[in-house]
Amino acid sequence: MWLDPGTGLRKSPPMRCCHRHAPAAAAIGSSDPHPFSLPGATEHYAAPRPVRAEHVRIELDLDFPQRSIAGTCTTRVSAVRTVSTVTFDAVDLDLTDARVDGRSVPFSNSGAHVRVELPRALEAGQACDIALSYRARPRRGLYFWGPDAGYPDRPLQAWTQGQDIDARCWFPCLDTPAQKATSEVIATFPAAMTSLSNGVLVSDVTTGERRTQHHRMAQPHAPYLVTLVVGEFDEATDTAGTTPLRYLFPKGRREDALRCVARTPQMVAAYESITGEPFPWSGYAQVFVTEFILGGMEHTTATTLVDTVLHDARAHLDYNAEPLISHELAHQWFGDLLTCRDWPHGWLNEGFATYFEVLWKERGDDRDEADHHRMLDLDAYLSETRERYARPIVARSFQAPMDLFDRHLYEKGGLVLHELRRRVGDELFVRALRHYVARHRHGVVETVDLARAFEEATGHNLDPVFDQYVFAPGHPELRVEVRYEADDARLRIAVRQTQRTDTGTPVFRLPLDVVVTVNGQDTRHRLDVTDAEHRFHLPCPAAPSQVRVDPRRDVLGTLDVDKAVGLWREELASAPEFRARTEAALALGKDGGLRSVEALGRALMDMGVFWATRAACAKSLGRIRTPEARTHLLDALDAAHPRVRRAVVAALGEFRHDARVAGRLRAVVEAGDASYFVEAEAARGLGRVRAPDVLPLLESAAARPSFQDVIGAGAMDGLAETQDPAAFPVAVARTAYGQPAFLRRAAVVAVAKLAEVANRKREAVDLFAQLLRDPQFRVQLAVCDAASTLGDRRLLSALEGTTFSDPRTRRYAREAVRSLREGAPQAREVASLREELDSLKQETRTLREKLETLSLREAPPASKAKARPVRKRAVKPAPTKRGRTPPKRRR
C-alpha cells in the first residue's frame, strides 16, 4: 500500500500506498526523538484461530443517495478445536439475522464484534456456513463519494479499503491477515455504473435501473484484500504474457492513465523473473478512484489507485507514477501471495514492495536511477529517526496497527533487503528470494521464515543482520577518517561507530567497501567493521587521486567522511558511481572555497553528468551563496533537464535580498516554465529571497491550475516565506472547503507560518479547530502537522477533543499535543534565529574568500602544495522536534 501520491518527486510530501505517512514539516529545536509507543499503547500478537475461514460470500446492495449498504455475508468456517460459538469482527454493522447452515441462531452484537451461537458444537475438522445479514452506513472500510457544493465535479463512486483492520467495517469477518479464504462479491448498484472486485466476473445482470455483478476469487487471500469499486469508468486493456490486464480510469483521462500504467507488462515480466513465480492470479486490474485515502492499495488482482496521480504531458517531463505502480504490483506477490501473519511483521509486505520499486528501476531504467531511488528511501528513513523516533521494524507495542505503517516498515524494510543483497551477492540474493516465494506461496509468513529461507538457499546464517536491523532500533552512524601516509606508502582509514547504544541500538557488524584510485587504477577493499572503533591500513604505493568510501552509498545508516578536499574534487569530476559524485558535490558545498565552487559549476553544466549529481551541485552552490556561486547558478537557469533546472531555481532561493536573483525568479514566475515543478519552485524561491512587491504575483500564481496544484502550493509556500502580514488573509482564504485539495494543505502550513507576524494567532487557532473536522482527512493531517509551527497551546483543546475516524490522524494529533505541551519553539523565533545564523555564515564566507585569494597569490608550486581536508557529513543534522518528513512510497 502507498500512503500518498505526494507532489513532485516521489518522496515529498510523504504519504504512500498501502499506508505510509510521515509528518509534513519538521518542528525545529527538538531534543532527542521521542519513543515510538504513545501512552495507552499495548502489546499486540496474532489473534487466536479456533476456526479457519475457508470461503467468504458477500452479497451487497449499495444505496448511493443514503450512502448505506444492506446485505448478507456468508462465511464457511472449519473448526481447529471444538467450538460452540464463533466471534466475527464487525464494527458499526446493524445485524438483523444470523443463520448457521440455513438455521436461524441467537447472536449478540457489541458494535465491534458479533458472537454467534452454534446450534451444535463443531468438532475439529468439521465445517459450517454462517450467514450474517446486516445494514450499515459505514464510516470506514467502504466510502461513498459524489458531487457537493464545494466540489460539484466530483464523480459518484463507492470503493472499499480494508487495510489494516477496516474490512470489518463493511462486512463481518475474521479480520486478521492470517485468515485467508476464497471469496465472492455480488454487488447491486445503479445500472449506469460498473464494478470491480477480486478474481473474475462470472455474471452481469441488469434489471430495470439496477445492475448486479458477481465476482469470484478462486484462490485464498486475506480479508483486508477483498475489494469493491463501483462507479462510471473508461477502460483500456493489455496483456503481460498470458496475463490479462485492465485499466479503469475517469472518463476522458485515457492518455493520462496510460502514462501511469503503460509499462505494467514489463514490470510483470521483471517481477516474474526475479521471484521465479509466474503472475499468481487470473489477471490484474488497476482502477483510479476519487478521494482515495491512500496512494494505492494492492487488493488481490485489483489494485485501487488515487486519481490525483493521473498526469498530463507537461507533468510527465519530471514526474511519473511508476514508483506507485511498481510498488502495488509487487504486492501481488509480497502481501497477497505471501502475507504477513500479523501486522508487526508487516515489513514483509511493505518492505518488499518498497525494495521492488528499486529493482524495477534497475531493470526498467538504469542503475543510477535505482541508486537515486534508494537514496530517497534512506533519506526518508533517517529523517524519521531524527524527527520522530527510532524503533525496531518488528514492534508489538502500539495503539492501532496503522501506527506501524511508517518509514521503518517501508523504507527501512526495503533497505534491509538491500543489506541482505550486499551480504550474499546478487546471484544468491535472487536464489533466496525464489526459495522464500516457492516455500510460502499462498501462506502467511513471519520474519523468521525469511531468515530461514535465506539460510537454506545461500548457506549464510544472517541472524545477526536480522537481530541488528529488524529486531533492534537504530542504525550504524559511521565516522570515517581517510589519511595518506606517504612515508609508509599506505592509506590509513579510521572508522568509528558513534550511535548511542543506551536505548537498544547495537554496535553493528557490517562490511564497508572502499575503492582507492592510484595512477588511474581502482582497487576495491572490503573492510569488516565489527567494533565501535577500527583503524585499517591499506597498501598504497602512491598518493591516491580518489578514495571512495561506500561508493554506491549501500550502508544502511549515516556516513560522515573526513578526507582531503582534493579527493572530493577529483571524485566529483570522474568517479564512475553517480552516488560517489553526488556525495562529493555535497561535501564541496561544505568546503565553499573558490576551487570547489569552480568544480561544482563545471559539473552543474556538464550534460554528461547524471541529473541528480547536477542537482546536488546546484544545492551546494546555493548553500555556499557567494557571488561566484550565484553566477554559476544563473548560468544554469536554462538547463535542459527539468529536474536540474528545478534544483537550480531552488538553490537561487537561498540568496535572500539579492535583487538580481529576485529579478530572474520573478521572470520565471511571470513567463512560466515548461515544467510545472520549476514554475512552482520559482514561486517558492521568490518568497524565500524576500523580493519586494511579490504578493500580487504570488497570489495570482496560486490560482494557476497545475498537476496536483504544485504551482499553487509553491506560491503559497512563497507567500509564507515572505513573512508579509498581508499574505495571511490570502492563505486563510485558500484553506476553504472547495479549494483544490493540495492547495488547501499548503495554505494550512502558510497560515501557521504567517500567524505570528500578522498578529492573528487567535484567528489561526479558531480556523485550525474548525479544519480538524474537515471532510478531507488530509486537511486534518495538515493541521496536526502545522500545529507545532503555529506553537499555540490554545489549540490543545481542539486536538484532544476532536474524534478522528482515521487512525493516522489520531496518531498525529497525539504527537502534536505532545509537541505543544513540551513547548516547541514558535515559528517566528526560529525564523529570527535562522536569519541571524545566515548573516553569520555570510560574513564567514566573505572572510574565507579573502583568505583563500591571498593564499592563492602566495601558493607554493603545485607539486608541493598539500590538499586541505574538509569534513563531509552525509545525513546527520542537529536533532529537531518531531514534524513532517520533507517522500514519498515510501506504497
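The values are calculated or read from the model by the stated rules, or taken from the named source; none is laboratory data. This structure is a prediction, so every number in the text was calculated from the model and none was measured. Cβ placement follows ideal geometry from the backbone for every residue including glycine, while neighbour counts extend to all protein chains displayed. Quick note on the areas: whole protein, heavy atoms, side chains included, nothing else; ligands and nucleic acids left out. Shrake-Rupley method; radii C 1.70, N 1.55, O 1.52, S 1.80 Å.
With the requirement that a residue be in a strand (DSSP E or B) and open to solvent by less than 10 Å² (accessible area, probe 1.4 Å), what does the range 528-542 give you?
Within the range 528-542, just V529 meets the criteria.
Tell me, which helices (runs of 4 or more DSSP H) wholly within the range 390-499 include 3 or more residues that are out of contact with any Pro (no Cβ under 9 Å at 6 or more places or on another chain) and open to solvent by 20 Å² or more (accessible area, probe 1.4 Å)?
Values: elements: 413-424, 426-440, 447-458, 463-469.
Result: 426-440, 447-458.
Is it the case that G162 is part of a loop (DSSP other than H, G, I, E, B) and open to solvent by less than 20 Å² (accessible area, probe 1.4 Å)?
Judged against the criteria, G162 is a match.
Say we look at the range 291-335 and pick out the residues that are among the aliphatic types (A, V, I, L, M) and part of a loop (DSSP other than H, G, I, E, B); which of these is surrounded by the most Cβ atoms within 10 Å (Cβ to Cβ)?
Checking each candidate, the answer is L294.
If you go through the range 336-388 one residue at a time, how many are crowded, with 24+ Cβ neighbours inside 10 Å, out of contact with any strand residue (DSSP E or B) (no Cβ under 8 Å at 6 or more places or on another chain) and not in a helix (DSSP H, G or I)?
Counting residues in the range 336-388 that are crowded, with 24+ Cβ neighbours inside 10 Å, out of contact with any strand residue (DSSP E or B) (no Cβ under 8 Å at 6 or more places or on another chain) and not in a helix (DSSP H, G or I) gives 1.
Just checking, how many residues over the range 57-89 are in a strand (DSSP E or B) and open to solvent by 20 Å² or more (accessible area, probe 1.4 Å)?
13
Does the range 543-560 hold any residues that are more than 25 Å from S383 (Cα to Cα) and open to solvent by 30 Å² or more (accessible area, probe 1.4 Å), and which are they?
First, the residues of the range 543-560 that are more than 25 Å from S383 (Cα to Cα): 543-547.
Selection gives A543, S545.
Which number in (1) touching a helix residue (DSSP H, G or I) at 6+ places or on another chain (Cβ under 7 Å); (2) assigned to a helix (DSSP H, G or I); (3) farther than 25 Å from R623 by Cα marks the one condition that P696 misses?
So the condition that P696 fails would be (1).
Filter the range 124-159 down to residues that are touching a Ser or Thr at 6+ places or on another chain (Cβ under 6 Å), of a type in the set (S, T, N, Q) and either surrounded by fewer than 19 Cβ atoms within 10 Å (Cβ to Cβ) or within 14 Å of A112 (Cβ to Cβ) (or both), then give me how many there are.
Number of matching residues: 1.
Is there any pair with a first residue in the range 683-708 that is closer than 14 Å to A650 by Cα and a second that is hydroxyl-bearing (S, T, Y) and open to solvent by 10 Å² or more (accessible area, probe 1.4 Å) whose Cβ atoms are under 6 Å apart and which are 6 or more apart or on different chains, and what are they?
Matching pairs, first to second residue: G687/T722.
Take A650 and decide whether it is in contact with a helix residue (DSSP H, G or I) (Cβ under 6 Å, 6 or more places away or on another chain), surrounded by fewer than 24 Cβ atoms within 10 Å (Cβ to Cβ) and aliphatic (A, V, I, L, M).
yes
From the list V668, V609, which residue is open to solvent by less than 30 Å² (accessible area, probe 1.4 Å), in contact with a helix residue (DSSP H, G or I) (Cβ under 6 Å, 6 or more places away or on another chain), among the β-branched types (V, I, T) and under 26 Å from A703 (Cα atoms)? Step through it out loud before you land on a result.
Working: V609 fails: under 26 Å from A703 (Cα atoms).
None of the other options fit; the residue is V668.
Give the residues of the range 561-578 that are of a type in the set (K, R) and surrounded by fewer than 22 Cβ atoms within 10 Å (Cβ to Cβ), sorted by residue number.
Correct list: empty.
Can you name every residue in the range 475-498 that is closer than 30 Å to A380 by Cα and either of a type in the set (A, V, I, L, M, F, W, C) or modelled with pLDDT under 95 (or both)?
L478, V480, V482, I493, A494, V495
Could you look through the range 713-772, keep only residues that are hydroxyl-bearing (S, T, Y) and within 23 Å of E291 (Cα to Cα), and pick out the one that is surrounded by the fewest Cβ atoms within 10 Å (Cβ to Cβ)?
Y737
Residue check, R210 against (1) more than 24 Å from P705 (Cα to Cα); (2) surrounded by 16 or more Cβ atoms within 10 Å (Cβ to Cβ); (3) among the basic types (K, R), all met but one. Which one?
Of the numbered conditions (1) more than 24 Å from P705 (Cα to Cα); (2) surrounded by 16 or more Cβ atoms within 10 Å (Cβ to Cβ); (3) among the basic types (K, R), the odd one out for R210 is (2).
In the range 590-679, which helices (runs of 4 or more DSSP H) lie fully inside it and hold 3 or more residues that are under 20 Å from A713 (Cα atoms)?
Fully inside the range 590-679 and qualifying: 642-652, 659-671.
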